[in-house]
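A short worksheet on the structure shown next.
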């Protein structure tokens with residue numbers, strides 16, 4: 001629920017009746033198991049997570065740049 005659904009630890013803890021620190025421990029154990037069982041030559045889950053964060057930042061920057069360009073085009077097209 002924490003990993004796949006992206007729910008917060010507080011919410012999952014309340015739903016399942018499990019302590020938050022136990023949820024965090026299970027999440028870390030799952031990450032460690034995935035890291036240990038990754039195929040040879042494949043990206044590790046930690047590398048994938050870092051790449052996702054980087055791609056999300058790049059996407060947000062692209063969205064901001066597109067908005068600026070749209071406003072600029074609108075500004076210059078009004079003057080004609």
Quiz item: Within the range 38-48, can you find the residues that are surrounded by 10 or more Cβ atoms within 10 Å (Cβ to Cβ) and out of contact with any helix residue (DSSP H, G or I) (no Cβ under 9 Å at 6 or more places or on another chain)?
Solution: 47, 48
Quiz item: Can you pull out the residues in the range 2-37 that are at negative phi and assigned to a loop (DSSP other than H, G, I, E, B)?
Solution: 2, 3, 4, 5, 7, 8, 18, 19, 37
Quiz item: Between residues in the range 24-49 that are touching a residue at least 24 places away in the same chain (Cβ under 8 Å) and residues that are surrounded by 12 or more Cβ atoms within 10 Å (Cβ to Cβ), which pairs lie under 6 Å by C-beta distance while being six or more apart or on different chains?
Solution: 27/2
Quiz item: Limited to the range 23-72, what total is found for residues that are at pLDDT below 90 and farther than 21 Å from residue 3 by Cβ?
Solution: 2
Practice problem: Run residue 40 past the list (1) within 17 Å of the chain's Cα centre (by Cα); (2) in a loop (DSSP other than H, G, I, E, B) and report the number of the one that doesn't hold. | Solution: (1)
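The values are calculated or read from the model by the stated rules, or taken from the named source; none is laboratory data. Quick caveat, the model's predicted, so the values are computed rather than measured. Using ideal geometry, Cβ is built from the backbone for each residue, glycine included, and neighbour counts are taken over all protein chains shown.
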